[in-house]
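> My questions all concern the structure below.
The values are calculated or read from the model by the stated rules, or taken from the named source; none is laboratory data. Bear in mind that the values here come from a model prediction, so they are computed numbers and not experimental data. Please note: Cβ atoms are built from the backbone with ideal geometry, for glycine as well, and neighbour counts cover all protein chains shown. Keep in mind that these areas ignore ligands, DNA and RNA; they rest on the heavy atoms of the full protein, side chains included. Shrake-Rupley method; radii C 1.70, N 1.55, O 1.52, S 1.80 Å.
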Amino acid sequence: MKPFIMRIVAFLFLSATVSAAVDPNTVVAHFGDVPIYAEEVTFHIRDQVALVAVHFKTRHQADLSGDNWLQYYEDEVPLELLMERSLESCRRSKAIQVLALKHELAEQLPFPGFGNVCEQINAARAKGRTEGRVLYGPLAYSPAQLYKYKLTNMQNHLKTFLADVESQGRDALQEETIQEQMMNMPVTLEKQTLNQLIAEQVGASTSLRSDLGEP
């Protein structure tokens, strides 16, 4: 990323720290014609913050905090890498969702409003527990846990479906199919809103430094 562009990103990043929080129902990108909401992208950003921090700690001995997210470390900029990895992770997840829906293997994940659905599921599980029903899994899901659980189920159903229609190995065929779907989902960004969302998550990521083994 060129210095001029980095100054723009820095301005957006620092401005975001004093702006109102991004509404979870806000569209921050499109993958093809599929809208991507802040609520869903946030799951991926939170996953990637610690991984990117570990990467820069390991490769560059850099402690990412504050403006360090905007610095060059050789040819890498933490904020830029965080955005790239978060979007790629989200696009892969969305490709799995699109394929599962296409083959009628699962229902569409409810975005926006996934957090509300999680609350309803937890309420139903709590009621079931008081009624003596057998529950599998946690007593209550966080939205991120439920999201990963449903994605994992979608991916497993997709793997089984593809293995039933082809003779290739399941893992290889599934990955090829997901990659093909991702190629058909070009990325269009609402850059300012996305930068603000990422800035919020980086600002809230102090607790994730424990992943680096730091106090």
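> Working carefully through the options GLN192, GLN145, find the one that is surrounded by fewer than 17 Cβ atoms within 10 Å (Cβ to Cβ), at pLDDT below 90, among the polar types (S, T, N, Q) and closer than 24 Å to VAL49 by Cα. Spell out how you get there, then give the answer.
Values: GLN145 fails: at pLDDT below 90.
Of the residues listed, the single one that is surrounded by fewer than 17 Cβ atoms within 10 Å (Cβ to Cβ), at pLDDT below 90, among the polar types (S, T, N, Q) and closer than 24 Å to VAL49 by Cα is GLN192.
> Right, next: So which of LEU173, LEU109 ends up being open to solvent by less than 20 Å² (accessible area, probe 1.4 Å), at pLDDT below 95 and closer than 30 Å to ALA53 by Cα? Quick ask: steps written out before the conclusion?
Values: LEU173 fails: closer than 30 Å to ALA53 by Cα.
Answer to the check: LEU109.
> When only residues in segment 137-151 that are among the hydrophobic types (A, V, I, L, M, F, W, C) and not in a loop (DSSP other than H, G, I, E, B) count, which is nearest to ALA124 (Cα to Cα)? So that I can check it myself, show each step before the final result.
So the first thing to find is which residues in segment 137-151 are among the hydrophobic types (A, V, I, L, M, F, W, C), and the list is 139-140, 144, 146, 151.
Narrowing further to those that are not in a loop (DSSP other than H, G, I, E, B): 144, 146, 151.
Values: ALA144: 18, LEU146: 14, LEU151: 21 Å.
So, considering only residues that are among the hydrophobic types (A, V, I, L, M, F, W, C) and not in a loop (DSSP other than H, G, I, E, B), the one nearest to ALA124 (Cα to Cα) is LEU146.
> Could you count how many residues in segment 133-142 are open to solvent by less than 60 Å² (accessible area, probe 1.4 Å) and either of a type in the set (A, V, I, L, M, F, W, C) or over 27 Å from ARG92 (Cβ atoms) (or both)?
Residues that pass the stated criteria total 2.
> Another question about this same structure. Somewhere in segment 156-164, is a residue open to solvent by 80 Å² or more (accessible area, probe 1.4 Å) and modelled with pLDDT under 85?
Checking segment 156-164: at least one residue is open to solvent by 80 Å² or more (accessible area, probe 1.4 Å) and modelled with pLDDT under 85.
> If only one of GLU104, GLU84, GLU119 is open to solvent by 60 Å² or more (accessible area, probe 1.4 Å), outside any helix (DSSP H, G or I) and not aliphatic (A, V, I, L, M), which one is it? Reasoning before the result, please.
Working: GLU84 fails: outside any helix (DSSP H, G or I); GLU119 fails: outside any helix (DSSP H, G or I).
Only one candidate qualifies: GLU104.
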